[in-house]
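The values are calculated or read from the model by the stated rules, or taken from the named source; none is laboratory data. Every value quoted in this text rests on a predicted model; they were computed, and no experiment measured them. Reconstructed Cβ throughout: ideal geometry from the backbone, glycine too, with neighbour counts over all protein chains shown.
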Amino acid sequence: MSTISAGGPRNVLVTGASSGIGREVALALAERGDALVLVARRHAELEDLAVRCRLLGASTVVVAPADVADDEAWTDAFAEGLGELGRIDVVVHAAAVAAYGRFDEIPGEVFDRVQEVNVRGTANVARTSLRHFDDRQRGHLVLFGSLVGKIGTPFLSPYVTSKWAVHGLARTLQAERARGPVDVSLVEPGGVSTTIYDKAASYLGVQGKPPPPVYGAERVAAATVRLIDRPRRELPVGVFNPVISAGFRLFPGVYDRIVAPLVTRLALGDEPVADHPGNLFQSQPEPVPAKDRR
Ligand SMILES: NC(=O)c1ccc[n+]([C@@H]2O[C@H](COP(=O)([O-])OP(=O)(O)OC[C@H]3O[C@@H](n4cnc5c(N)ncnc54)[C@H](OP(=O)(O)O)[C@@H]3O)[C@@H](O)[C@H]2O)c1
(Lines give C-alpha, C1' and ligand atoms only; values in the text may rest on other atoms or scores of the structure.)
Protein backbone atom coordinates (compact mmCIF):
# COMPACT_ATOMS: atom_id res chain seq x y z
CA MET A 1 0.00 0.00 0.00
CA SER A 2 1.22 3.49 -0.77
CA THR A 3 1.59 6.33 1.70
CA ILE A 4 0.85 9.03 -0.83
CA SER A 5 -1.62 10.83 1.40
CA ALA A 6 0.81 11.27 4.32
CA GLY A 7 2.04 14.79 4.92
CA GLY A 8 0.30 18.13 4.28
CA PRO A 9 -3.37 19.08 4.25
CA ARG A 10 -5.66 16.90 2.17
CA ASN A 11 -9.08 17.20 0.63
CA VAL A 12 -11.25 14.60 2.36
CA LEU A 13 -14.90 13.73 1.69
CA VAL A 14 -16.62 12.10 4.68
CA THR A 15 -20.01 10.37 4.37
CA GLY A 16 -22.06 9.73 7.50
CA ALA A 17 -20.57 12.99 8.80
CA SER A 18 -23.68 14.11 10.70
CA SER A 19 -23.06 11.80 13.68
CA GLY A 20 -20.94 9.15 15.33
CA ILE A 21 -17.64 8.02 13.85
CA GLY A 22 -17.94 10.04 10.62
CA ARG A 23 -18.50 13.24 12.61
CA GLU A 24 -15.49 12.55 14.82
CA VAL A 25 -13.33 11.81 11.76
CA ALA A 26 -14.35 15.18 10.28
CA LEU A 27 -13.50 17.00 13.54
CA ALA A 28 -10.12 15.26 13.83
CA LEU A 29 -9.24 16.10 10.21
CA ALA A 30 -10.36 19.71 10.69
CA GLU A 31 -7.82 20.08 13.51
CA ARG A 32 -5.13 19.16 11.02
CA GLY A 33 -6.20 21.84 8.56
CA ASP A 34 -7.65 19.49 5.95
CA ALA A 35 -10.34 20.65 3.50
CA LEU A 36 -13.59 18.74 3.98
CA VAL A 37 -16.70 17.73 2.08
CA LEU A 38 -19.41 16.64 4.54
CA VAL A 39 -22.11 14.23 3.31
CA ALA A 40 -25.16 12.77 5.13
CA ARG A 41 -28.89 13.33 4.81
CA ARG A 42 -29.38 15.90 7.61
CA HIS A 43 -28.48 19.35 6.30
CA ALA A 44 -28.75 21.24 9.61
CA GLU A 45 -26.40 18.82 11.45
CA LEU A 46 -23.86 19.13 8.64
CA GLU A 47 -24.04 22.95 8.75
CA ASP A 48 -23.46 22.89 12.54
CA LEU A 49 -20.52 20.53 12.05
CA ALA A 50 -19.11 22.75 9.29
CA VAL A 51 -19.05 25.71 11.72
CA ARG A 52 -17.12 23.63 14.27
CA CYS A 53 -14.72 22.31 11.64
CA ARG A 54 -13.92 25.83 10.41
CA LEU A 55 -13.28 26.98 14.00
CA LEU A 56 -10.96 24.00 14.52
CA GLY A 57 -8.88 24.89 11.46
CA ALA A 58 -10.35 23.20 8.39
CA SER A 59 -9.16 25.17 5.37
CA THR A 60 -12.46 24.81 3.45
CA VAL A 61 -15.68 22.99 4.35
CA VAL A 62 -18.30 22.06 1.76
CA VAL A 63 -21.70 20.82 3.00
CA ALA A 64 -23.21 18.45 0.45
CA PRO A 65 -26.29 16.64 1.83
CA ALA A 66 -27.30 13.46 0.00
CA ASP A 67 -28.76 9.99 0.47
CA VAL A 68 -25.89 7.68 -0.59
CA ALA A 69 -28.40 5.05 -1.76
CA ASP A 70 -29.60 7.54 -4.40
CA ASP A 71 -26.82 7.44 -6.99
CA GLU A 72 -27.86 10.67 -8.68
CA ALA A 73 -28.02 12.62 -5.41
CA TRP A 74 -24.70 11.12 -4.23
CA THR A 75 -22.97 11.83 -7.57
CA ASP A 76 -24.19 15.45 -7.42
CA ALA A 77 -22.81 15.77 -3.86
CA PHE A 78 -19.43 14.38 -4.95
CA ALA A 79 -19.38 16.74 -7.96
CA GLU A 80 -20.21 19.71 -5.73
CA GLY A 81 -17.31 18.87 -3.40
CA LEU A 82 -14.97 18.28 -6.32
CA GLY A 83 -16.06 21.53 -7.97
CA GLU A 84 -15.30 23.51 -4.79
CA LEU A 85 -12.00 21.80 -3.91
CA GLY A 86 -10.61 20.92 -7.34
CA ARG A 87 -9.63 17.38 -6.29
CA ILE A 88 -10.53 14.80 -3.63
CA ASP A 89 -7.61 12.90 -2.03
CA VAL A 90 -9.46 10.66 0.42
CA VAL A 91 -13.05 9.42 0.80
CA VAL A 92 -14.09 8.09 4.22
CA HIS A 93 -17.42 6.31 3.80
CA ALA A 94 -19.03 5.90 7.24
CA ALA A 95 -22.76 6.20 6.34
CA ALA A 96 -24.83 3.17 7.37
CA VAL A 97 -28.09 2.10 9.03
CA ALA A 98 -29.13 -0.97 11.06
CA ALA A 99 -32.29 -2.96 11.86
CA TYR A 100 -33.04 -5.39 14.70
CA GLY A 101 -35.39 -8.36 14.78
CA ARG A 102 -35.63 -12.06 14.02
CA PHE A 103 -35.11 -12.39 10.26
CA ASP A 104 -38.65 -13.66 9.60
CA GLU A 105 -40.24 -10.88 11.68
CA ILE A 106 -38.49 -7.99 9.93
CA PRO A 107 -40.59 -6.55 7.05
CA GLY A 108 -39.04 -7.27 3.65
CA GLU A 109 -38.83 -3.58 2.74
CA VAL A 110 -36.86 -2.92 5.93
CA PHE A 111 -34.36 -5.69 5.12
CA ASP A 112 -34.08 -4.32 1.57
CA ARG A 113 -33.59 -0.72 2.69
CA VAL A 114 -30.61 -1.70 4.88
CA GLN A 115 -29.04 -3.33 1.79
CA GLU A 116 -29.87 -0.22 -0.28
CA VAL A 117 -28.10 2.14 2.11
CA ASN A 118 -25.23 -0.09 3.25
CA VAL A 119 -24.49 -2.10 0.09
CA ARG A 120 -25.76 -0.06 -2.86
CA GLY A 121 -24.68 3.12 -1.03
CA THR A 122 -21.16 1.72 -0.58
CA ALA A 123 -21.04 0.65 -4.24
CA ASN A 124 -22.18 4.15 -5.32
CA VAL A 125 -19.57 5.84 -3.15
CA ALA A 126 -16.81 3.43 -4.21
CA ARG A 127 -17.56 3.74 -7.96
CA THR A 128 -17.51 7.55 -8.07
CA SER A 129 -14.48 7.80 -5.76
CA LEU A 130 -12.40 5.17 -7.57
CA ARG A 131 -13.11 6.65 -11.01
CA HIS A 132 -11.82 9.99 -9.72
CA PHE A 133 -8.79 8.37 -8.04
CA ASP A 134 -7.98 6.22 -11.07
CA ASP A 135 -8.08 9.31 -13.30
CA ARG A 136 -5.66 11.08 -10.98
CA GLN A 137 -3.56 7.94 -10.33
CA ARG A 138 -3.76 8.59 -6.60
CA GLY A 139 -6.28 8.51 -3.80
CA HIS A 140 -7.51 6.53 -0.81
CA LEU A 141 -10.97 5.03 -0.26
CA VAL A 142 -11.75 4.10 3.35
CA LEU A 143 -14.79 1.84 3.81
CA PHE A 144 -16.42 0.88 7.09
CA GLY A 145 -17.05 -2.82 7.65
CA SER A 146 -17.54 -4.27 11.10
CA LEU A 147 -16.69 -7.21 13.30
CA VAL A 148 -20.09 -8.50 12.13
CA GLY A 149 -18.77 -8.46 8.55
CA LYS A 150 -16.87 -11.58 9.66
CA ILE A 151 -19.32 -13.32 12.01
CA GLY A 152 -23.04 -14.07 12.30
CA THR A 153 -25.04 -12.29 15.00
CA PRO A 154 -28.68 -13.12 15.75
CA PHE A 155 -31.40 -10.43 15.57
CA LEU A 156 -29.34 -8.24 13.21
CA SER A 157 -29.62 -10.10 9.89
CA PRO A 158 -30.06 -7.07 7.55
CA TYR A 159 -26.99 -5.33 8.98
CA VAL A 160 -24.86 -8.50 9.16
CA THR A 161 -25.75 -9.39 5.56
CA SER A 162 -24.84 -5.88 4.42
CA LYS A 163 -21.52 -5.84 6.24
CA TRP A 164 -20.48 -9.24 4.77
CA ALA A 165 -21.22 -7.66 1.38
CA VAL A 166 -19.13 -4.58 2.20
CA HIS A 167 -16.23 -6.83 3.25
CA GLY A 168 -16.52 -8.79 0.00
CA LEU A 169 -16.58 -5.60 -2.08
CA ALA A 170 -13.65 -4.08 -0.20
CA ARG A 171 -11.45 -7.16 -0.62
CA THR A 172 -12.35 -7.35 -4.33
CA LEU A 173 -11.48 -3.68 -4.87
CA GLN A 174 -8.16 -4.25 -3.06
CA ALA A 175 -7.38 -7.21 -5.32
CA GLU A 176 -8.22 -5.17 -8.43
CA ARG A 177 -5.82 -2.42 -7.33
CA ALA A 178 -3.08 -4.54 -5.76
CA ARG A 179 -0.30 -3.03 -7.89
CA GLY A 180 -1.76 0.42 -8.45
CA PRO A 181 -1.31 3.74 -6.69
CA VAL A 182 -4.88 3.87 -5.36
CA ASP A 183 -5.53 2.50 -1.85
CA VAL A 184 -8.68 0.84 -0.49
CA SER A 185 -8.95 0.24 3.27
CA LEU A 186 -11.55 -1.45 5.44
CA VAL A 187 -12.13 -0.35 9.06
CA GLU A 188 -13.66 -3.11 11.20
CA PRO A 189 -14.88 -1.80 14.56
CA GLY A 190 -16.46 -3.88 17.31
CA GLY A 191 -18.84 -2.05 19.70
CA VAL A 192 -18.62 1.76 19.43
CA SER A 193 -20.63 4.20 21.51
CA THR A 194 -22.71 6.00 18.84
CA THR A 195 -26.42 6.56 18.29
CA ILE A 196 -26.62 4.04 15.42
CA TYR A 197 -28.19 1.65 17.94
CA ASP A 198 -30.80 4.18 19.10
CA LYS A 199 -31.75 5.14 15.52
CA ALA A 200 -31.86 1.56 14.23
CA ALA A 201 -35.17 0.04 13.14
CA SER A 202 -36.44 -2.55 15.60
CA TYR A 203 -38.91 -5.41 15.27
CA LEU A 204 -37.61 -7.15 18.41
CA GLY A 205 -39.46 -5.27 21.16
CA VAL A 206 -36.21 -3.63 22.36
CA GLN A 207 -33.34 -1.56 20.90
CA GLY A 208 -29.81 -2.82 20.55
CA LYS A 209 -26.77 -1.40 22.31
CA PRO A 210 -23.05 -1.71 21.57
CA PRO A 211 -21.56 -5.00 22.76
CA PRO A 212 -18.61 -4.74 25.17
CA PRO A 213 -15.84 -3.74 25.09
CA VAL A 214 -17.32 -0.42 23.94
CA TYR A 215 -14.94 2.08 22.32
CA GLY A 216 -15.54 5.81 21.99
CA ALA A 217 -16.19 7.17 18.49
CA GLU A 218 -13.19 9.54 18.97
CA ARG A 219 -10.91 6.52 19.41
CA VAL A 220 -12.11 4.91 16.18
CA ALA A 221 -11.80 8.29 14.44
CA ALA A 222 -8.21 8.71 15.67
CA ALA A 223 -7.35 5.22 14.35
CA THR A 224 -9.01 6.15 11.03
CA VAL A 225 -6.92 9.33 10.74
CA ARG A 226 -3.75 7.25 11.34
CA LEU A 227 -4.98 4.89 8.61
CA ILE A 228 -5.29 7.85 6.22
CA ASP A 229 -1.64 8.70 6.94
CA ARG A 230 -0.48 5.10 6.52
CA PRO A 231 -2.94 3.17 4.35
CA ARG A 232 -3.35 -0.54 5.05
CA ARG A 233 -5.86 -3.14 3.96
CA GLU A 234 -7.69 -3.74 7.21
CA LEU A 235 -8.01 -1.89 10.48
CA PRO A 236 -9.71 -3.99 13.16
CA VAL A 237 -10.72 -1.86 16.17
CA GLY A 238 -11.64 -3.99 19.19
CA VAL A 239 -9.44 -6.08 21.41
CA PHE A 240 -11.62 -9.23 21.28
CA ASN A 241 -12.42 -9.09 17.53
CA PRO A 242 -9.80 -11.70 16.52
CA VAL A 243 -10.88 -14.12 19.29
CA ILE A 244 -14.58 -13.77 18.45
CA SER A 245 -14.07 -14.25 14.70
CA ALA A 246 -11.75 -17.24 15.33
CA GLY A 247 -14.41 -18.80 17.60
CA PHE A 248 -17.03 -18.25 14.90
CA ARG A 249 -14.87 -19.94 12.22
CA LEU A 250 -13.30 -22.77 14.23
CA PHE A 251 -16.14 -23.82 16.58
CA PRO A 252 -19.38 -23.00 14.73
CA GLY A 253 -21.52 -25.44 16.75
CA VAL A 254 -20.46 -24.03 20.12
CA TYR A 255 -20.59 -20.46 18.77
CA ASP A 256 -24.18 -20.85 17.54
CA ARG A 257 -25.35 -22.29 20.87
CA ILE A 258 -23.90 -19.50 23.02
CA VAL A 259 -24.21 -16.43 20.80
CA ALA A 260 -27.98 -15.71 21.17
CA PRO A 261 -27.97 -15.72 25.01
CA LEU A 262 -24.79 -13.60 24.99
CA VAL A 263 -26.26 -11.06 22.55
CA THR A 264 -29.50 -10.90 24.58
CA ARG A 265 -27.53 -10.18 27.77
CA LEU A 266 -24.83 -7.89 26.44
CA ALA A 267 -26.06 -6.23 23.24
CA LEU A 268 -29.81 -5.63 23.72
CA GLY A 269 -31.54 -3.05 25.91
CA ASP A 270 -34.43 -3.91 28.22
CA GLU A 271 -36.80 -0.95 27.69
CA PRO A 272 -39.79 -2.15 25.61
CA VAL A 273 -40.25 -0.43 22.22
CA ALA A 274 -43.01 -0.80 19.61
CA ASP A 275 -41.95 -1.95 16.12
CA HIS A 276 -40.56 0.98 14.10
CA PRO A 277 -38.38 1.64 11.03
CA GLY A 278 -35.94 3.97 12.85
CA ASN A 279 -33.95 6.27 10.57
CA LEU A 280 -33.91 3.92 7.58
CA PHE A 281 -36.30 5.75 5.28
CA GLN A 282 -36.06 9.24 6.82
CA SER A 283 -33.30 10.74 8.88
CA GLN A 284 -34.17 11.56 12.49
CA PRO A 285 -33.07 14.20 14.97
CA GLU A 286 -30.03 12.95 16.90
CA PRO A 287 -31.33 10.95 19.90
CA VAL A 288 -29.74 11.05 23.34
CA PRO A 289 -27.55 7.93 23.49
CA ALA A 290 -29.03 5.28 25.82
CA LYS A 291 -26.01 5.51 28.15
CA ASP A 292 -26.60 9.27 28.72
CA ARG A 293 -30.34 9.01 29.45
CA ARG A 294 -31.42 9.72 33.00
N1 LIG B 1 -21.24 2.01 16.27
C2 LIG B 1 -20.76 0.78 16.20
O3 LIG B 1 -20.75 0.00 17.19
C4 LIG B 1 -20.17 0.28 14.89
C5 LIG B 1 -19.54 -0.96 14.92
C6 LIG B 1 -19.00 -1.45 13.72
C7 LIG B 1 -19.10 -0.71 12.57
N8 LIG B 1 -19.73 0.49 12.58
C9 LIG B 1 -19.81 1.21 11.31
O10 LIG B 1 -19.24 2.49 11.45
C11 LIG B 1 -19.87 3.40 10.54
C12 LIG B 1 -20.36 4.63 11.28
O13 LIG B 1 -21.38 4.22 12.18
P14 LIG B 1 -21.78 5.06 13.48
O15 LIG B 1 -21.83 4.10 14.60
O16 LIG B 1 -20.97 6.28 13.57
O17 LIG B 1 -23.30 5.40 13.10
P18 LIG B 1 -24.17 6.75 13.22
O19 LIG B 1 -23.73 7.58 14.36
O20 LIG B 1 -25.59 6.34 13.14
O21 LIG B 1 -23.75 7.49 11.86
C22 LIG B 1 -24.20 7.01 10.64
C23 LIG B 1 -24.20 8.16 9.67
O24 LIG B 1 -24.72 7.73 8.41
C25 LIG B 1 -25.65 8.71 7.94
N26 LIG B 1 -26.59 8.05 7.05
C27 LIG B 1 -27.48 7.07 7.34
N28 LIG B 1 -28.18 6.73 6.25
C29 LIG B 1 -27.70 7.48 5.25
C30 LIG B 1 -28.02 7.59 3.86
N31 LIG B 1 -28.98 6.85 3.31
N32 LIG B 1 -27.31 8.47 3.10
C33 LIG B 1 -26.35 9.25 3.66
N34 LIG B 1 -26.01 9.18 4.97
C35 LIG B 1 -26.68 8.32 5.74
C36 LIG B 1 -26.29 9.27 9.20
O37 LIG B 1 -26.80 10.57 9.09
P38 LIG B 1 -28.18 11.07 8.42
O39 LIG B 1 -29.30 10.43 9.18
O40 LIG B 1 -28.09 12.55 8.59
O41 LIG B 1 -28.14 10.66 6.99
C42 LIG B 1 -25.06 9.35 10.10
O43 LIG B 1 -24.34 10.54 9.81
C44 LIG B 1 -21.01 2.60 9.88
O45 LIG B 1 -20.57 2.07 8.65
C46 LIG B 1 -21.24 1.47 10.85
O47 LIG B 1 -21.80 0.35 10.23
C48 LIG B 1 -20.27 1.03 13.71
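Tabulated values for the structure
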item: Qualifying position, being surrounded by fewer than 17 Cβ atoms within 10 Å (Cβ to Cβ) and more than 18 Å from Gly22 (Cβ to Cβ), among Glu47, Glu72; result: Glu72
item: Answer residue from the range 136-163, given it is within 12 Å of the ligand (Cβ to nearest atom) and of a type in the set (A, V, I, L, M, F, W, C) and is surrounded by the most Cβ atoms within 10 Å (Cβ to Cβ) among those; result: Phe144
item: The one condition in (1) under 30 Å from Ser202 (Cα atoms); (2) more than 9 Å from the ligand (Cβ to nearest atom); (3) in a loop (DSSP other than H, G, I, E, B) that Gly8 fails to fulfil; result: (1)
item: The range 80-109: number of residues that are hydrophobic (A, V, I, L, M, F, W, C), under 15 Å from Val14 (Cα atoms) and within 21 Å of the chain's Cα centre (by Cα); result: 7
item: Residue in the range 145-159 that is under 18 Å from Arg23 (Cα atoms) and modelled with pLDDT of 95 or more present; result: yes
item: Failed item, numbered, when Arg32 is tested on (1) among the charged types (D, E, K, R); (2) surrounded by 19 or more Cβ atoms within 10 Å (Cβ to Cβ); (3) more than 13 Å from the ligand (Cβ to nearest atom); result: (2)
item: Near pairs, Cβ below 7 angstrom, 6+ apart or cross-chain, from the range 4-19 (closer than 8 Å to Asp34 by Cα) to any residue that is modelled with pLDDT under 95; result: Pro9/Ser59
item: Conditions (1) assigned to a helix (DSSP H, G or I); (2) crowded, with 17+ Cβ neighbours inside 10 Å: number failed by Arg257; result: (2)
item: Condition check for Arg226: more than 16 Å from the ligand (Cβ to nearest atom) and modelled with pLDDT of 95 or more; result: yes
item: Every residue from the range 81-106 that is acidic (Asp, Glu) and part of a helix (DSSP H, G or I); result: Glu84, Asp104, Glu105
item: Restricting the range 171-205 to residues that are of a type in the set (Ser, Thr, Tyr) and not in a loop (DSSP other than H, G, I, E, B), the residue that is farthest from the ligand (Cβ to nearest atom); result: Thr172
item: Breaking point among (1) away from the ligand (no atom under 14 Å from the Cβ); (2) touching a strand residue (DSSP E or B) at 6+ places or on another chain (Cβ under 8 Å), for Gly168; result: (2)
